[in-house]
1. Give the aspartates and glutamates reachable from A:Lys251 as a straight Cα distance under 14 Å; neighbours fewer than 8 places away on the same chain don't count.
2. May I ask you to sort B:Leu81, A:Leu631, B:Leu114 by Cβ crowding, counting other Cβ atoms within 10 Å and putting the fewest first?
3. Say the cut-off is 31 Å between C-alpha atoms; which of A:Lys435/B:Lys150; A:Lys82/A:Lys355; A:Lys404/A:Lys553; A:Lys82/A:Lys145; A:Lys145/A:Lys362; A:Lys145/A:Lys352 go over it?
4. Taking only the Cα atoms of the range B:42-146, how large is their convex hull per residue, in Å³?
5. In the range B:42-146, what is the count of Lys pairs whose alpha carbons are under 24 Å apart, counting only pairs at least 8 residues apart or on separate chains?
6. Which residue, A:Tyr473, A:Gly460, A:Ile668, has the largest displacement toward the positive end of the dipole of the protein assembly as shown when charges sit on each Cβ (Lys, Arg +1; Asp, Glu -1)?
7. Could you list the GluC sites (Glu not before Pro) in the range A:113-203 that lie in coil according to DSSP, counting only those with at most 12 other Cβ atoms within 10 Å of their Cβ?
8. Using a Cα-Cα cut-off of under 18 Å, which lysines could be cross-linked to A:Lys252, ignoring same-chain neighbours fewer than 8 residues away?
Amino acid sequence: MDHQKFARRNRLLLWVTVVLICVPVPLRAQNHAKDKEWPSYAADLAGTRYRPLDQINASNFNELEISWRFNTDNLGNRPEYKLEGTPLMVNGVLYTTAGSRRAAIALDAATGELLWVHGEHEGARGAAAPRQLSGRGLAYWSDGKDERILYVTPGFRLVCLDAKTGSRIPTFGDGGAVDLKLNDDQIIEPDLTTGEIGVQSAPVIGRDTIIIGAAFREGYTPKSMRNNKGYVRGFDVRTGRRLWIFHTIPKKGEFGYDTWLDGSAEYTGNTGVWTQITVDEQLGLVYLPVESPTGDFYGGHRRGNNLFGESLVCVDLRTGQRKWHFQLVHHPLWDMDISSAPILADITVDGKPIKAVAQPSKQGFLYLFDRVTGKPVWPIPEQPVTVGSVPGEWYSPTQPIPSKPPAYSRNGVSVDDLIDFTPDLRKKAEGITAKYLLGTVFTPPVVSQINGALGTLTLGTASGGTNWPGGSYDPETHIAYIYACNACLEPIGLVQPPKEVSDMRYVYGTAGQEVKAVHGPGENAGADAPMPPQKKAASEYVELNVDGLPLVKPPYGTITAINLDKGEIVWQIAHGETPDLVRKHPALHGLNIPRTGQESYGVGTLVTKTLVIAGESQVTTTADHPRGAMLRAYDKATGKEVGAVYMPGPESGSPMTYIVNGKQYIVIAISGGAYSGEYIAYALPSATE
Amino acid sequence: MNSRVAIPILVISAMAGAFNVFCWLGPRASAQEEQQTSESQSVWDGVYTEEQAKRGQGSYQKDCSICHGDRLNGTGEAPALSGGRFFANWNGLTLGDLFERIRKTMPQDKPERLTRREKADILAYILSFNKFPAGKNELRQQTEWLKLIKFEESRPERNRPSQP
C-alpha cells in the first residue's frame, strides 16, 4: 500500500490502543468466570480462601444488606446450633451441608431458594458417630457433562449425588454410597455400628480422586490406649473404588514403625486427618495435616516420636505414597493437632521462586516448606525443651521451632501475659497462676497435685492459636492472613483414672476432682449407662478468670498479615468487639481500653481483591448495635477496619463469596447460643432501591 | 338461744369466717398471679425456689456436667453456663428463649431423656449458680410463662423518676 495509507493505519492503531487503555477498568478487566465461583471448601484446592472480587469494597461494605437467609432447623430431627459449613457455589447453585442430620442441600445462589435436599437416615450408626451434626462442607465434581456432589455422613459413609437433583448416583460405590468403615486396612472395633471413626471436614477432589481423612472423639480422656486408626484414603470419584491408602500410623515394616516403641503402633489409634486436605493438581501431590495420637496429653503407652502424629505429610495424588514429611511436634503431648488446611503459596524468597506450602497451627507458628522437596523455607531447628517427669512417660528432648516467621499468637504462658488493666487485677491473676506451672511453648503437662501444681497452664495448645477455620492467602501479594485465638487457656493436668473411665495410666484431669470422661457435643454419652456415684471434691475449683475477666491480657483474638516472601509480620490487629463483660466491668470503669478482640477459635477469614473479611463469633450489645455480632472488613494492606455490618447471631462458619447475575454475595453460617443455624447472604442494595 | 336465731347466726358467722379466710388468701393469690403475669418480671424477682434448684442440681450433675463442666464452666466444645460469655449470649432475651434451647436440644445426645419439669429444675439451678435470687414460687415449665421473665445480667433500676 502507499505511504499515506500506511501512516493512517498506524495512527488508527495508535488511537485504538489509547482508547483501549483508557476504557474503565471494570469493563476491561472482567473477572474470569472461575473467579466468580467457589468450587471447593477453601475456594480452591490450594486452601487460599481467596477470590479476586471487588464489587464489594471499602467504599460500600457498610451498605451490605441481608439478601437472603436459609434457616436449617428442619434439616434433621431437631435444630442445630453448630453450623460450621462453608458453602460451594458453581453455576449459580450453592451447595452445602446443614442441619442435625448433615443433609446436603442445593440453593439458588441468588435467592436462597431450596432446590433439593438429601439426608441419610443412619439410625444407631449415626447416633453413635464421634463427629455428628452438619459438619464443615462437601465437594463438587464435574467432567464437563455430569455434575456431582460428594460428602461424608456422620456415620462415615461417602455419598455421591447428582448435583442437579440430589439423588444418589447408583453407579458409585454400593448404590451411591461407600461404607468408609470397610476397606480401611483395619477392622473397625468393636463393630460397624458403634465403632469410633468419622469425619466432619469437607472432602477434597483432585484429578478425579476424592480424598477422605478420619476423625475421632475428643482425646482428653480416652476410654483406652487402644483405638481405631485414622488412615487416609483416595477413591475414584466416578466409581468409589479405593485407589490408595496412607497409613498415618505405619504398619510393621513401613517407614516410621520404629518411632512407636514396644510395638505400640499395633494398638495406638487416632492420628487421623480431621481437617482440610490440600491438593496440588499440577504437581500431583497431596498435603495431609495429621492430628494427635491416642491420648492428647499422655503418651506413656506410645513411647517414641510417633510418626506421623502431628506431622505434615506429602503424598502422591495417584498412589498415596509418601513423598516427604515433617513432624511439627515429636511425641505429641499438647493436643497440637494440625488443625487447618495447608496453604499452597508460590513465593519468592531472596530472589528465588519457591513453590511453598504454609501450615498455620494451634501453637501460633506458621511453618513454611518447599512443597516439592519438603525442605523448610527458613530453618526450623531442633531446640532443647523442658523434659517432664510424669511416671511412665517418654519425652522428646527437642522440638522443631521455626526461625521465621515469628510466632503470630501466644504459646506458653508467663507472668507478662497476665491481665494488667490494673495492678490489683494483675495481683489477683498471679494468685491464681501460682497454682499452676507456667512456661514457654512445649512445657510438658504435669501430674495434677492438690498441694502443688494443678497443671501446666498453656496457650497455643488444644484450642489454639489457629484452629479448623485456618488461614487465607493472597497469591497476588504473597501475604497470608491468619486468625488466631490469643487467650484460649488450657490447664493441662494429669490424673490417674478409675478403671471404668479409662485403661490408661493417666488422663486429663484435676487433682481432687472426680475424673469424668470429657465429651464433645453430639457424642453418645452412654445414655442408658448409670453414672458413677458423685464424690465430694477434695479441692476447691480454681476459676481461670479474674473476677470474671480473662486471665490473660488482650488481644484475645487476632488477625495477622504475614509476608511469606520475607517471613515477616506486616500487621496484626485485634479482631472482634470487646466482650460485654470487659466493657461493663466495674473494676475497669473509667479506663480507656482499646478493642480487645474476642477469645474464640472458630473464626475464618476471607480475602478479596482489597479486603480481609471475618465475622465475630461472640454476641455483644453495644451503643453501635443491639445484641448481635458484626461481620467486619479490613483493608488487607494495612489492617485498618473499613466497614462492619450487623449479623443477628454469632458466626460459626467461615465467610465465602461469589458473583451471580453480576452481583457479588458474601455467605456466612451463623449459629450458637440462642441462635439456631442459618446461612445468611449479604449483598449490596439493588440499584432500583 | 333458740335454733331459729342460732342457725342464721351460725351461717352468717361461717360466711364471715369464710370471707375472712378468702380475704386473707385472695390478695395473696392474685399477687402471685400478678407476679407471674407482670410484663416487667426479670430473673432478679425470685423466680425459682431453693428446693427446685436443689433438685435441678442433681439432674445437672447427672446429665449436663459431663459436657458443661461440674462448675458450669464449660469444656472444649460445650460452652459455660455461667459468667460473662453466658450472659452475653442471653442478656436481653427471656428465660423462655433459654428454656426452649434446653427443651429442644439438651442433653445433646438425647433431649427426650429429661422431662420438661426436670429441665425447668435445671434452669432453676443454673439461675441459682449464677447468683440470681431465689423466691417463693417455682420456675414454671411452660414456655409461654417463661417468656415473660427477662434474662438481665444486671439488676434493673427500680423507682425510676417519672417522666416530666
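Read-outs throughout are calculated quantities, based only on the coordinates presented, and are distinct from any laboratory measurement. Because the structure is a prediction, the values reported are computed rather than measured. Cβ atoms come from the backbone with ideal geometry, glycine included; neighbour counts cover every protein chain shown.
1. Straight-distance partners of A:Lys251: A:Asp184, A:Asp185, A:Asp262, A:Glu266.
2. On the way: B:Leu81 26, A:Leu631 23, B:Leu114 20.
With the fewest neighbours first, B:Leu81, A:Leu631, B:Leu114 line up as B:Leu114, A:Leu631, B:Leu81.
3. Working: A:Lys435/B:Lys150 38 Å; A:Lys82/A:Lys355 36 Å; A:Lys404/A:Lys553 25 Å; A:Lys82/A:Lys145 35 Å; A:Lys145/A:Lys362 41 Å; A:Lys145/A:Lys352 41 Å.
Too far apart for the 31 Å limit: A:Lys435/B:Lys150; A:Lys82/A:Lys355; A:Lys82/A:Lys145; A:Lys145/A:Lys362; A:Lys145/A:Lys352.
4. On the way: hull volume 9.5 nm³, N = 105.
About 91 Å³ per residue, rounded to a whole number.
5. 14
6. A:Ile668
7. Working: sites: A:Glu113, A:Glu120, A:Glu122, A:Glu147, A:Glu196; in loops: A:Glu113, A:Glu120, A:Glu122, A:Glu196.
Counting only loop positions with at most 12 other Cβ atoms within 10 Å, the GluC sites (Glu not before Pro) in the range A:113-203 are A:Glu113.
8. A:Lys229
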